[in-house]
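Heads up: the structure comes next, in structure tokens.
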Amino acid sequence: MDNITLKLRGMSCASCASSIEQAIKSVPGVIECNVNFGMEQASIQYDSQQTSLATIQEAVDAAGYKALPLPEMVAVEDDSEQANRKSESQILQRKLYVAGIISLILLTGSIPAMTGLHLPFIPGWLHNFWLQLLLTSPVQFWCGKSFYTGAWKSLKRRVATMDTLIALGTSAAYFYSVFVTFFPSFFIVKGLMPSVYYEVSSSVIALILLGKTLENRAKGETSEAIRKLMSLQAKTARIVRNGEELEVPLAEVEIGDIVQVRPGEQIPVDGEVIEGYSTIDEAMVTGESLPVKKQIGDEVIGATINKTGSFKFRATRIGKDTFLAQIVKMVQDAQGSKAPIQKLADEVTGWFVPAVIAIALATFIIWFTATGNLTLATITMVEVLIIACPCALGLATPTAVMVGTGKGAENGILFKGADSLELAHKIQVIVLDKTGTLTEGKPTVTDFMTVKGTADGNELQLLQLAGSVEGNSEHPLGEAVVRYARSQEVNLTDVRDFEAVAGSGVQGCVEGKSIALGTLRWMQELGCDTEYLELRARAWEGESKTVVWMAVEGKIEAIMGIADALKPSSRAAVKALQKLGLEVAMLTGDNRATAEAIALSAGIDRVFAEVRPDQKTAQIQALQAPGKIVAMVGDGINDAPALAIADVGIAIGTGTDIAIAASDITLISGDLQGIVTAIQLSRATMRNIRENLFFAFIYNIAGIPIAAGILYPIFGWLLNPIIAGGAMAFSSLSVVTNALRLRNFKPKNLG
């Protein structure tokens, strides 16, 4: 199966999006297609054995639109696409200026006729029918050309779109006025005052063009997250080839190249440090606010900022394979997907335009039959056609999804699709894996106690000796001791006569002193007196910590408690999740004593311990059985099945690729506060979507009956078609503007 995203051109409303979607889905071999009106993109999954990209493009062309492959992320934004967007915007603005100026002239000339007042400062010749015809025609047929083009395309496909409504409405007003201009006697004979509505046709087109201009500008802002991410890329890289340092364009960097980075510079691509030491600001791609220390062997991410030291790294991922490019791709995919709630808007849009045309025709027939007044019947029909625009319905969901997923990316949260963004707000139970999720995922020295305490730097001296000996060991506990020693900034020294005693510990000679580190049993076998620290050691063991004893010259000097420590953010994150009303549980394969000790520290009451990887899915299903929405959070290969079967799978970005692939949401950093932010963002987005749908529906529910003249028999009041056009434009603008409020989203501190 292949996946592709196409850039669409020629859409004017949600009905256009629906038409394109149907056209693509009708192509044999197309499995799934989602057309996003807000982003003007189509996300397509198809079988390359049955169809091709060219065939899909032909289907879109046959429907009256254009489809171009969306270019993969490159060093700079696609120039042709940017130029095309700018050109379209300039043409739209020129048409708006022309329509706006002419409409103001026509409206000024029509004030006496509309108000019945004689205003001496308005010359009578401005209301001359022939002059108004001359002024209105270029607005109708040049400024409004796109509506006629779109309506003709729709007619050929036997569907109706917003263009159909606008073309019918403005044409009815225009051609009715033309008839009055050429045959005024027809109305005089019937005892009617001949009246034209050129200003209606012109002003409606101007207002709709204004709405589209503002809408396009606002839609452009919803893609700001993508542009921000793409702009993070460096433009060049300083590489070392054949002993010579060269500055080359980013596109010329190859895998295996040695890249030099100096303080304050941007890291161009992903790689592995091979020389030097530094701290790097990764906030722009991980959301991690504190600079991260990097040394030989550590990975660096392209687009992050080198803060302090100078270092060299070997390029391991370039182009579309870089971490940043993958983030951009995930955000694009999520923004191009459809949330389940959007199906409601799609279904309504499918029958909405034909229904509006039917209502408009019925309005004309009813008023003309009841009153015989052709003017009244025509104007009410025009009002219905103009006010009932489905654009707001089409924009209600995708604009909020675009902003929500973009905001997630800014906070280090990647939603795989709009469905996961929507479902996250319904989570009732959240299950956390222990190792690597709640905990650091590696042994860490949590406690260090010496016989003599810290007198005269005794603690640091002992730590230097311990770290030096363990530096020769490959055991995970030894690595934990070394990491702890380095974190305390002690300098490790050379060791002589190093020996690893299987199942017991390690020993060696440092600065002429015999050092041994290992188990209690081994210390006792060596004849060391352990009584003084045994009470504290047993207390640590009761907390499921491994105790390492340290002897210097055959005498016990210190003990260390080593455990897979709880992440600093875990307890606060669990507390925040509980405040959100979620039931929090822990799922682990570790023994019950260790699991319960970690759960107690994290503030979790419900623990599933000693669960084999193949049993994790059964536990998730058991939690889902009562009908609850369950989320699983994990980072390892053994978590992948549970992540896949959960309603919402959340992967820790520091975990395995398999776990990330099986998840619906990825937290780029390992901070569990990202789960809290993801749920809060989902709730805020869904609230925004409901508000948008309310705005979209309320305009049409209230506007169409008023436009049809329901108030005329009671109050003698008709909706001015100009106001109808303004309301239609405002409905779309209000929806997009409301969606943009999500850009101000900030997670609440629930700690």
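Miscellaneous remarks
- Output for segment 408-430, where each listed residue is open to solvent by less than 30 Å² (accessible area, probe 1.4 Å) and either under 22 Å from LYS616 (Cβ atoms) or in a helix (DSSP H, G or I) (or both): GLY408, ALA409, ALA418, SER420, LEU421, GLU422, ALA424, ILE427, VAL429, ILE430
- Neighbours by Cβ (under 7 Å, 6+ apart or cross-chain): first from segment 192-215, farther than 15 Å from LEU376 by Cβ; second modelled with pLDDT of 70 or more and basic (Lys, Arg): LEU209/LYS95
- Residue satisfying all of: in segment 702-712; surrounded by 17 or more Cβ atoms within 10 Å (Cβ to Cβ) and among the β-branched types (Val, Ile, Thr); farthest from GLY169 (Cα to Cα) among these: ILE706
- GLU596 modelled with pLDDT of 90 or more, open to solvent by 20 Å² or more (accessible area, probe 1.4 Å) and touching a strand residue (DSSP E or B) at 6+ places or on another chain (Cβ under 9 Å): no
- Some residue of segment 213-221 being at pLDDT below 70 and small (Gly, Ala, Ser): yes
- Filtering segment 666-701 to residues that are open to solvent by 50 Å² or more (accessible area, probe 1.4 Å) and part of a helix (DSSP H, G or I) leaves GLN673, ARG683, ARG687, ARG690, GLU691, PHE694, PHE695, PHE697, ILE698, TYR699, ILE701.
- Test: residue in segment 17-39 that is at pLDDT below 75 and under 30 Å from GLU252 (Cα atoms): no
- Members of segment 471-488 that are open to solvent by 80 Å² or more (accessible area, probe 1.4 Å) and assigned to a helix (DSSP H, G or I): GLU479, ARG483, ARG486
- Every condition in (1) modelled with pLDDT of 80 or more; (2) part of a helix (DSSP H, G or I); (3) more than 16 Å from the chain's Cα centre (by Cα); (4) buried (at least 22 other Cβ atoms within 10 Å of the Cβ) is met by ILE722 except one, and the failing one is (1).
- Here GLY404, GLY394 are screened, and the one residue that is under 44 Å from the mean Cα position of the chain (by Cα), modelled with pLDDT of 80 or more and within 23 Å of ASN688 (Cα to Cα) is GLY404.
- Filtered residue count, segment 560-589, keeping only those that are open to solvent by 50 Å² or more (accessible area, probe 1.4 Å) and closer than 30 Å to THR530 by Cα: 0
- The residues of segment 490-535 that are under 11 Å from GLY467 (Cα atoms) and surrounded by fewer than 15 Cβ atoms within 10 Å (Cβ to Cβ), listed by number, are ASN491, THR493, ASP494.
- Cβ pairs under 8 Å, 6+ apart, first in segment 431-445 and in a strand (DSSP E or B), second open to solvent by less than 40 Å² (accessible area, probe 1.4 Å) and charged (D, E, K, R): ASP433/ASP635; ASP433/ASP639; THR439/ASP564; THR439/LYS567; THR444/ASP564
- Candidate set: segment 281-290, residues that are touching a Ser or Thr at 6+ places or on another chain (Cβ under 8 Å) and under 16 Å from GLY670 (Cβ atoms); chosen: the one modelled with the highest pLDDT: GLU282
Residues checked against (1) part of a loop (DSSP other than H, G, I, E, B); (2) under 45 Å from the mean Cα position of the chain (by Cα); (3) not β-branched (Val, Ile, Thr):
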{"position": "VAL469", "(1), (2), (3)": "no, no, no"}
{"position": "VAL490", "(1), (2), (3)": "yes, yes, no"}
{"position": "ALA500", "(1), (2), (3)": "no, no, yes"}
{"position": "GLN507", "(1), (2), (3)": "no, no, yes"}
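So that you can scan it fast, the table gives a plain yes or no per residue for (1) surrounded by 22 or more Cβ atoms within 10 Å (Cβ to Cβ); (2) closer than 17 Å to ARG157 by Cβ; (3) hydrophobic (A, V, I, L, M, F, W, C):
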{"position": "LYS7", "(1), (2), (3)": "no, no, no"}
{"position": "ALA17", "(1), (2), (3)": "yes, yes, yes"}
{"position": "GLU21", "(1), (2), (3)": "no, yes, no"}
{"position": "PRO28", "(1), (2), (3)": "no, no, no"}
{"position": "GLN49", "(1), (2), (3)": "no, no, no"}
{"position": "VAL60", "(1), (2), (3)": "yes, yes, yes"}
{"position": "ALA63", "(1), (2), (3)": "yes, yes, yes"}
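The values are calculated or read from the model by the stated rules, or taken from the named source; none is laboratory data. None of these values were measured; they are calculated from a predicted model. Heads up, the Cβs are rebuilt from the backbone with ideal geometry, glycines too, and the neighbour counts pull from every protein chain shown. The protein model used for the area step is the full one, side chains on, heavy atoms only, and it has no ligands, DNA or RNA in it. Shrake-Rupley method; radii C 1.70, N 1.55, O 1.52, S 1.80 Å.
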